[in-house]
1. Can you name the condition, by its number, that ASP14 falls short on among (1) open to solvent by 100 Å² or more (accessible area, probe 1.4 Å); (2) assigned to a loop (DSSP other than H, G, I, E, B); (3) of a type outside the set (S, T, N, Q)?
2. Those residues that are among the hydrophobic types (A, V, I, L, M, F, W, C) and exposed (fewer than 13 other Cβ atoms within 10 Å of the Cβ), I need them from segment 21-30; list them, please.
3. Write out, first by first residue and then by second, each pair whose Cβ atoms fall under 8 Å of each other, whose residues are 6+ apart or on separate chains, and whose first residue, in segment 43-72, is surrounded by 10 or more Cβ atoms within 10 Å (Cβ to Cβ) and modelled with pLDDT of 90 or more while the second is of a type outside the set (Phe, Trp, Tyr) and in a helix (DSSP H, G or I).
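The values are calculated or read from the model by the stated rules, or taken from the named source; none is laboratory data. Predicted model, so just to flag it, every value in this text is computed and none were measured. Neighbour counts are summed over all protein chains in view; Cβ atoms, including those assigned to glycine, are modelled from backbone coordinates with ideal geometry. Quick note on the areas: whole protein, heavy atoms, side chains included, nothing else; ligands and nucleic acids left out. Shrake-Rupley method; radii C 1.70, N 1.55, O 1.52, S 1.80 Å.
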Amino acid sequence: PCFSFQVCKQCKQDKRDVSAANFSLHEAHCLRFLTLCPECDEPVAQKDIKDHQTEAHKQVRNKTSILAVFSEGLL
C-alpha cells in the first residue's frame, strides 16, 4: 500500500498501488508469478490459473448453460 507522502505507481499485473521505490522489483515478481484471468480480469498465480478457471467460473458456466437450455425450450 502507498501512503499519502509516497510517490506510487499502479501495477498493471495485479492492479495494486506500489511505492515507486519498490515498483521495479514488484513488477518483476508479478510478471514472473501472476497472470490475469481472461474471464474475470483478476490476478491469479500462474500455477493456480487452471484451478481458478475451473472453480471460480464453474458456477457462471452452469448458470449460462441452464439459461440456454430454458431459452431453447429443452426443459
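1. Evaluating ASP14 over (1) open to solvent by 100 Å² or more (accessible area, probe 1.4 Å); (2) assigned to a loop (DSSP other than H, G, I, E, B); (3) of a type outside the set (S, T, N, Q) leaves (1) as the failure.
2. Answer for segment 21-30, where residues must be among the hydrophobic types (A, V, I, L, M, F, W, C) and exposed (fewer than 13 other Cβ atoms within 10 Å of the Cβ): ALA21, LEU25, ALA28.
3. Pairs found: PRO43/CYS30; VAL44/HIS52.
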